[in-house]
Each structure stands twice: as C-alpha cells, then as structure tokens.
Amino acid sequence: MTRLTKAEEKIMQIIWQKGRCLVSDILKEFGDDRPPHSTISSIVRILEEKGFVDHKAYGRTYEYFPIIQKKDYSKQSIKKLVGDYFGGSMNQLVSFLVQENDLDIKELSEMLNQLKEDDSK
C-alpha cells in the first residue's frame with residue numbers, strides 16, 4: 001500500500017467519514033477555507049489511481065467511495081512509524097508515549113485490561 005501525502009490523507013479522511021460522496025460533498029467539509037473544486041477533483045483522481053477509492057458514474061457526476069479501509073491504512077501507517085522511529089519495537093513506542101506524558105500509567109493499565117477482555121472473547 002502506498003503512502004498518502006498530507007493533502008491526500010485529509011481528503012481520504014473525509015471519504016472514510018462519509019462513505020460515499022461527491023467532490024462537492026468533500027468541498028463542504030472545508031468550510032470557508034476551501035480549495036478550488038479542480039484541486040479536490042485532481043486529488044480524488046490521484047487517490048483512485050493509487051487504489052484507495054473507486055467511483056460510480058451517474059452521467060457526468062461521479063460518486064466516490066473508499067476501497068481501502070481506514071483500519072487497514074492505519075495499521076500500515078503505525079507499522080511504518082514504529083519501524084522508522086522505534087526500531088520496529090512496539091515496547092519502545094509505548095515507553096516513549098509514557099515518558100512524553102502522552103499516556104499515563106492508568107491509561108496504559110486500562111488499555112491492557114481492554115486487550116485482555118478482547119482476547120478472551
């Protein structure tokens with residue numbers, strides 16, 4: 001699976017949230033700070049070329065939908081992050097998060113309990 005640029009990822013987040021959408025639906029999510037229609041349309045076509053979305057045509061109108069699930073992309077992104085910055089060690093990632101106070105011991109304990117519960121199902 002290829003990596004997405006920041007702009008592509010922002011558009012992909014909207015598509016994952018909406019499920020099925022038109023370029024005009026994506027534009028609405030930008031509010032007053034919206035880029036030109038042609039820019040969004042180009043990015044969506046790139047996402048299609050990369051295999052992240054597909055479309056259904058209704059005349060000249062295209063409805064886009066994700067074909068790569070957010071969970072799958074997230075998993076690949078985390079693996080890359082851990083590989084690039086933590087030597088492939090999830091323990092080092094968790095240790096880093098605890099040390100940087102992004103995760104406290106109570107939260108870590110709750111996560112471990114949740115994982116144990118999920119494992120027992």
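The numbers here are math on the coordinates, done by the rules we state, and not lab data. Since this is a predicted model, take the numbers as computed values, not measurements. Here the Cβ positions follow ideal geometry from the backbone for every residue, glycine too, while neighbour counts run over all protein chains shown.
Which whole-Hz couplings ³J(HN,Hα) result when phi for each residue of region 111-116 is put into the Karplus expression 6.51 cos²θ - 1.76 cosθ + 1.60, θ = phi - 60°, listed in order with x for Gly and Pro?
My calculation for region 111-116 gives 5, 4, 4, 5, 5, 4 Hz in order.
For a paramagnetic label modelled at 7 Å from the Cα of K70 toward its Cβ, which residues of region 11-34 fall within the zone defined by backbone nitrogen distances under 13 Å?
Residues passing the 13 Å test: 11-20.
Hey, for a label at K56 modelled as a point 7 Å past Cα toward Cβ, could you say which residues of region 13-44 have their backbone N under 11 Å away?
Once the point is set 7 Å along Cα→Cβ of K56, 20-21 turn out to lie under 11 Å by backbone N, inside region 13-44.
Nearest 10 degrees, 0 to 90: what angle lies between the long axis of helix 90-99 and the longest principal axis of the chain (Cα atoms)?
Approximately 80 degrees, to the nearest 10.
Just add up the charged neighbours of G87: K/R +1, D/E -1, any other residue whose Cβ is under 14 Å from the Cβ of G87.
Working: positive: K79, K80; negative: D84.
Overall, the nearby charge balance is +1.
If the reach is capped at under 18 angstrom between alpha carbons, list the aspartates and glutamates near K28, excluding any in the same chain fewer than eight residues apart.
The reachable aspartates and glutamates, counting only those whose Cα sits under 18 Å from K28, are E8, E9, E63.
Of (i) 10.4; (ii) 6.5; (iii) 11.0, which one was derived for mean projected area of the Cα convex hull in nm² from the structure shown?
Looking at mean projected area of the Cα convex hull in nm² for this model, the match is (i).
Taking a threshold of 25 Å on the Cα-Cα distance, which of the pairs K10/K106; K10/K80; K18/K50; K10/K71 fall above it?
Beyond 25 Å: K10/K106.
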